[in-house]
Structure formats: structure tokens, C-alpha cells
Amino acid sequence: MEPHFYNVDIHWKNDRQGEMSSPELSQNLEVATPPQFPKGMEKIWSPEHLFTSAVASCLMTTFLAIAENSRLEFAGFECKSAGKLEQVEGKFLMTEIILEPTVTIVNPEDQEKAERVLQKSEAACLISNSIKSKVTMIPTIKIS
């Protein structure tokens, strides 16, 4: 497979805030230092939020592909996630990403299949496989 490139441009606006864009995308996104740091800003996406969301959204898109290939019928997918930032040996690190996916299925007999698809999705997620952070998944299967 040929390498793929995903282009992102960052432009500083003021203080600790900038704007992220991509020539491949139509929406721009404001980014800033999170409020836990000096001059951080509330209510704006931070690199820490984006890092956490990259893992969670990769789990979702991987799940969608594996569920389709596995012919898993489901009515919903949601995922809460939390990125744990710690200082280790003087450096700030995202040490853990906690994923709490909830898959809603229609047929109760698909529960084990849904659990297997989630496990395969976690193992195959390219973002999770590309980072040093521990990834913890706490899945929930609901029946609609």
C-alpha cells in the first residue's frame, strides 16, 4: 500500500490560541492551550482533547468497518473517552486513554458478536497502535 498523508496547517491567532485547517477539509477548528495551563483557554479544543478524540474516533470508524464486514446489526454506537495527562520524569505525557464505547444491538443473540467486534476494533485501531499511551476499553452492550 502506498503511504497516505493527512495535511494540517496551524496558524497562530493571539495569546495561546490558533486555528487549524486542512486543504483537504472544509471546516477550520480553533485550538488553544487547555485551561489547566498558564494562559489556557476554556471552551476551545486543545491538543489534549484532539489526541483523545483521535483515539475515540478511530475506534468508532474501525468498529463501523469491522461490524459491516462481520454483518453485525446494530442500532447505535457511542463512545465516551477520557485522556489522562500526567507529569512523568519531568515531562507531560498522555499516559492513558480510557474508552467507554456503548453499542446498541437489536437482537439479544448478537451480544457476544458485538463484544468480539469491539475487541477486534480496539486491536485494529491504527491510532491506538501508533501511540505509547495505555488504551483501556470499558465496553457496554445495550439491547434496544
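The values are calculated or read from the model by the stated rules, or taken from the named source; none is laboratory data. Bear in mind that the values here come from a model prediction, so they are computed numbers and not experimental data. Here Cβ is always computed from backbone atoms with ideal geometry, including for glycine, and neighbour counts include all displayed protein chains. When the accessible area is computed, the model is the full protein with side chains, heavy atoms only, and any ligands, DNA or RNA have been set aside. Shrake-Rupley method; radii C 1.70, N 1.55, O 1.52, S 1.80 Å.
General observations
- Among the numbered conditions (1) in contact (Cβ under 8 Å) with a residue 60 or more places away in the chain; (2) crowded, with 18+ Cβ neighbours inside 10 Å, the only one that residue 76 does not meet is (2).
- Within the stretch 85-102, being in a strand (DSSP E or B), over 15 Å from residue 54 (Cβ atoms) and either free of Cβ contacts under 8 Å to residues at least 40 places away in the same chain or open to solvent by 60 Å² or more (accessible area, probe 1.4 Å) (or both) holds for 86, 87, 88, 91, 92, 93, 95, 100.
- In the stretch 103-140, the residues that are surrounded by fewer than 15 Cβ atoms within 10 Å (Cβ to Cβ), under 20 Å from residue 54 (Cβ atoms), in contact with an Asp or Glu (Cβ under 9 Å, 6 or more places away or on another chain) and of a type outside the set (D, E, K, R): 136, 138
Yes/no matrix, rows are residues, columns are (1) within 17 Å of residue 46 (Cα to Cα); (2) among the aromatic types (Phe, Trp, Tyr); (3) in contact with a His (Cβ under 7 Å, 6 or more places away or on another chain):
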{"residue": "61", "(1), (2), (3)": "no, no, no"}
{"residue": "74", "(1), (2), (3)": "no, yes, no"}
{"residue": "78", "(1), (2), (3)": "no, no, no"}
{"residue": "81", "(1), (2), (3)": "yes, no, no"}
{"residue": "88", "(1), (2), (3)": "no, no, no"}
{"residue": "93", "(1), (2), (3)": "yes, no, no"}
{"residue": "97", "(1), (2), (3)": "yes, no, no"}
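- Residue in the stretch 30-56 that is farthest from residue 8 (Cα to Cα), counting only those that are assigned to a helix (DSSP H, G or I) and either open to solvent by less than 50 Å² (accessible area, probe 1.4 Å) or in contact (Cβ under 8 Å) with a residue 40 or more places away in the chain (or both): 56
- Residue check, residue 82 in contact with a Cys (Cβ under 8 Å, 6 or more places away or on another chain), small (Gly, Ala, Ser), open to solvent by less than 70 Å² (accessible area, probe 1.4 Å) and within 23 Å of residue 36 (Cβ to Cβ): no
- Residues located in the stretch 1-29, provided they are surrounded by 10 or more Cβ atoms within 10 Å (Cβ to Cβ), farther than 30 Å from residue 118 by Cβ and either touching a helix residue (DSSP H, G or I) at 6+ places or on another chain (Cβ under 7 Å) or among the small types (Gly, Ala, Ser) (or both): 18, 21
- Residue count, the stretch 105-144 (criterion: aliphatic (A, V, I, L, M), in contact (Cβ under 8 Å) with a residue 40 or more places away in the chain and in a helix (DSSP H, G or I)): 4
- Qualifying positions in the stretch 11-29 - part of a strand (DSSP E or B) and farther than 17 Å from residue 54 by Cα: 11, 12, 13, 14, 17, 18, 19
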